[in-house]
Structure formats: C-alpha cells, structure tokens
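Derivation of every value follows stated rules applied to the coordinates shown; laboratory data play no part. Quick caveat, the model's predicted, so the values are computed rather than measured. Methodologically, a virtual Cβ is constructed for each residue, glycine included, from the backbone with ideal geometry; neighbour enumeration extends over all protein chains shown.
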Amino acid sequence: MSFDRKIKIAPSILSADFANFGQEIQAIEAQGADWVHVDVMDGHFVPNLTFGPPAVKAFRPHVKTVMDVHLMISPVDPYIDAYAEAGADVLTAHIEAGPHIHRTLQAIRGTGMKAGVALNPGTPAEAVSHLLDLTDLICVMTVNPGFGGQKFIDMTAKIRRLREMIGDRPIHIEIDGGVDPTTAPLVAQAGADVLVAGSAVFRGGSVANPDVYGDNIRQIREAAEGVWA
Ligand code: DX5
Ligand code: ZN
C-alpha cells in the first residue's frame, strides 16, 4: 500500500446484498472503488451485529484493492490476530473502545497491518494527539456508528484540526457516515482523502446492474474533487 492524498472512494459493503458479497465486491471494484470498507459490529460497542473473522477471510480473495476493516467492537485486542489472518490491509479500532488504544495500535502494526483509529462524533481531534506516530489512518465518524443510511453530522472543524495536527505525516483522514455527492466536497475541502460511502454507492444498483454503482462512485468522486456541477 503506497501513500497518497488523492481522493479514494471506499464503498461500505454494509449496504451490499448480504447473500452475495463476492460478486458485490467484484462489481464495486470493477466500477471504480479504490478501497473496500468492511464494517465489523459486535452488538455491544454498537447496537448492531455484522461480520466476524471467518466472513472477512471469505471476502479477502475477492478484494483486489485494499481491504479496510473498521472494527466497531470492544474489546479489540483479543481479535487483532484473527483479523490479520483474515487478510485485512487496514485495521481500524475506535478510541472509545477501551482504555489502551496506544497498545492496540502498536499491536495492529505489529502484525504488519496498517493501523487506524476511529473517532465518534463526540470525541475531539485532540484525543489522537499522542497517537499520531502510531497511526496510518484517522477515521472521523460523521454519524454515530452502528447503521448505514444515517444523516451526515458536520465534523469539518474536526477534520481541519486533524489535518493541521498531522502535518507531513503519512496519515490518511477517512470520513465514515452520510457521505454522498452533497457532503463529499465539504469533507474533501477540509482535508479528508478516504471517503467511505455505503448507501450512496449501492443505492439503485445491483450485481445485475452494476453501472449504477459506477455512476454513484463517479458522482461522489467528482463532487469531492470539485468538478461536479
Ligand atoms: C456506520 C458504518 C459506516 C456505514 C456508512 O457505523 O461505519 O461505514 O456503513 O454507511 P452510509 O454511507 O450509508 O452512511
Ligand atoms: Zn465504517
């Protein structure tokens, strides 16, 4: 995985057809997805339940780009090795998920994965100020985690502050929740480079009609890049 700050669209397969993940992943990648975002929920840290390591491992052979695994679970540490074995490229843990995020990020990097830290809407940018040298990605939640299709919460001031704090470090700023062609320019302008989008990518399309995924991805990207009229 090389580092750059170009806009990357990361469809969340939380909005895909749950009976058909392999083909859904292949379809979004063929239609221009840069990364594939996998939302892991435990019914405890968030009030919803999704995939465990065996499911993520089954996705792996279908992902040719970057498998970006967002853990909305607590605790995190007992499961890090399992997600490494499942083939995650980026593993992101929530700062709110436990008292030892510093150790968690070290452990994630120790497996060879990139380490991400996610911030709920109520958590300030300053919470990561002592973690910057342990972090490859900061995920700014623009919804309260747990469900797709929620309304975007404006976190642009937080994104700007993080962008300043990051300076020249090779750290991605990822935005997760309510990203669509209307909100994408706001977060891109504030300094985000990875845009997760679930409902706005999968809306209206299917593996039988994948061009819609392509149109949806293109509209978000062009809006973020400032060329969408
Ligand atoms: C929310 C998840 C998101 C979600 C985004 O808890 O982390 O990745 O799938 O979905 P949309 O784009 O529909 O808000
Ligand atoms: Zn997510």
Tell me which of these I80 doesn't satisfy, since it passes every other one: (1) within 16 Å of ligand 2 (Cβ to nearest atom); (2) out of contact with any Pro (no Cβ under 7 Å at 6 or more places or on another chain); (3) in contact (Cβ under 8 Å) with a residue 24 or more places away in the chain. (1)
Filter the range 63-116 down to residues that are more than 14 Å from the chain's Cα centre (by Cα), among the small types (G, A, S) and not in a helix (DSSP H, G or I) and give me whichever is surrounded by the fewest Cβ atoms within 10 Å (Cβ to Cβ). G112
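So is T123 assigned to a loop (DSSP other than H, G, I, E, B), hydroxyl-bearing (S, T, Y), over 23 Å from D89 (Cα atoms) and more than 16 Å from ligand 2 (Cβ to nearest atom) or not?
Working: assigned to a loop (DSSP other than H, G, I, E, B): yes; hydroxyl-bearing (S, T, Y): yes; over 23 Å from D89 (Cα atoms): yes; more than 16 Å from ligand 2 (Cβ to nearest atom): no.
Here the answer is no, as T123 does not meet what is asked.
Within the range 133-170, work out how many residues are small (G, A, S) and either in contact with a Cys (Cβ under 7 Å, 6 or more places away or on another chain) or near ligand 1 (Cβ under 9 Å from one of its atoms) (or both).
3
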Which condition does D180 not pass, out of (1) in contact with a His (Cβ under 8 Å, 6 or more places away or on another chain); (2) more than 18 Å from R5 (Cα to Cα); (3) among the charged types (D, E, K, R), if it passes all the others? (1)
For the range 164-223, give me the residue count where each residue is among the aromatic types (F, W, Y) and either touching a Gly at 6+ places or on another chain (Cβ under 8 Å) or surrounded by fewer than 17 Cβ atoms within 10 Å (Cβ to Cβ) (or both). 1
